[in-house]
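Before any comments, here is the structure.
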Amino acid sequence: MLYLVPTPLGNLKDITLRSIEVLQQVDVILCEDTRTSSKLLHHYQISKPLSPYHQHNEHKIVQHIVDQLVAGKTMALITDAGTPGISDPAFLLVRECIKNNVVVNCLPGAAAFVPALVNSGIPTNRFVFEGFLPMKKGRMTLLKQLAEEERTMIIYESPMRLVKTLEELAVYFGSDRLCCVSRELTKMFEENKRGTLQEVAAYFKEKTVKGEIVVVIAGKES
């Protein structure tokens, strides 16, 4: 069996009792970064063999992992933060497990876009998750499409590109479109900045931006 186990976004208390139990029982824990995962596992006194599984090696080792699962090993896949498969590696392994009749069990838990959406003050009844926007190829085309989207939109962005992205969104969506930028969710310096795209871009342009970032943008008014 393969377990997909969500891990805390920042506050180590944000993990379920079931997740801890699963991590204590599996044979191997696949993790995005062994150094990051070791801090969480050490905190909960979990001592299991760790094996790196990330976007740079997943294609090379996926079959080897599936072979071990078929042979009877039980594994858990965790990422640095949040739920595996949400803008993090998991899809390729899950697909191959399904092809080989390996049972896949995804536990409920942390995902950064959920608290960002809920506390944004922007409608939550209908939304679309876009993850990270394309860096170059297809970016302009996608932005034009999203400008017509009537559902609330959620994207992830890096601190270095945040202001540029907000300014681009203001060009395509209109500078008065409402948004909320959430960063450092669940951590000591959590911040949720709400306002128009123009206002929020100007705010972050004047400060040093750090942490993982979720941007929630209101849909186009019908």
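For Asp80, what residues show an amide H to amide H distance below 5 Å, using hydrogens built from the backbone and excluding near sequence neighbours?
Glu32, Asp33
Whole-Hz ³J(HN,Hα) for each residue in region 150-165, computed from phi via Karplus 6.51 cos²θ - 1.76 cosθ + 1.60 with θ = phi - 60°, x for glycine and proline: what do you get?
Each residue of region 150-165 in turn: 8, 7, 4, 10, 10, 10, 9, 8, 8, x, 5, 9, 4, 4, 4, 5 Hz.
From the gyration tensor of the Cα coordinates in region 2-106, what semi-axes in whole Å does the equivalent ellipsoid have, largest first, with each one equal to sqrt(5λ)?
21, 14, 12
Among 46-53, 2-9, what's the highest-first ranking by average C-beta atoms within 10 angstrom per residue?
2-9, 46-53
Which whole-percent values make up P(r) of region 107-147 when all C-alpha to C-alpha distances are grouped in 5 Å steps starting at zero?
5, 17, 21, 20, 18, 13, 5, 0
Take the alpha carbon gyration tensor of region 1-44, find the square roots of its eigenvalues, order them as a ≥ b ≥ c, and report rounded if a/c is under 1.5; if not, report prolate when a/b exceeds b/c, else oblate.
Note, shape of region 1-44 comes out oblate.
Once both axes come from the Cα atoms, what is the angle between helix 58-70 and the longest principal axis of the chain, in degrees from 0 to 90, rounded to 10?
So the helix axis and the longest Cα principal axis differ by about 40 degrees.
Considering only the chain, what is the antiparallel percent among its DSSP beta bridges, to the nearest 5?
Taking every DSSP beta bridge within the chain, about 50 percent pair in antiparallel fashion.
Could you state the per residue volume, in Å³, of the convex hull enclosing the Cα atoms of region 94-188?
So the per-residue hull volume is 164 Å³.
Please report Met153, Met188, Met140 as a ranked list, fewest other C-beta atoms within 10 angstrom at the top and most at the bottom.
The fewest-first ordering by Cβ neighbours comes to Met188, Met140, Met153.
Near Cys179, within a Cβ-to-Cβ distance under 10 Å, what is the net charge of the other residues, with Lys and Arg +1 and Asp and Glu -1?
Combined, the nearby Lys, Arg, Asp and Glu give +2.
Quick check: Cα centre of region 141-190 to Cα centre of region 1-42, how many Å?
30 Å
With only Lys, Arg, Asp and Glu charged, each at its Cβ (+1 for the first two, -1 for the last two), find how big the charge dipole of the chain is about the Cα centre; round to the nearest 20 debye.
With Lys and Arg at +1 and Asp and Glu at -1, about 200 debye.
Pairs Lys48/Lys193; Lys60/Lys136; Lys60/Lys207; Lys13/Lys220: which exceed 32 Å Cα-Cα?
Distance filter (> 32 Å) returns Lys48/Lys193; Lys60/Lys207; Lys13/Lys220.
Taking Rg and Dmax of the Cα atoms in Å as the quantity of interest, determine which of (1) 19.7, 75; (2) 19.1, 57; (3) 16.8, 50 was computed from the displayed structure.
Given (1) 19.7, 75; (2) 19.1, 57; (3) 16.8, 50, the structure-derived one carries the label (2).
List the GluC sites (Glu not before Pro) within region 155-222 that DSSP assigns to loop and that have no more than 11 neighbouring Cβ atoms inside 10 Å.
Those satisfying the criteria are Glu206, Glu221.
Any read-out appearing in this document is the output of simple, stated calculations on the displayed coordinates, not a laboratory observation. Not measured: the values here are computed from a predicted model. FYI the Cβ positions are ideal-geometry reconstructions off the backbone, even for glycines, and counts take in every protein chain you see.
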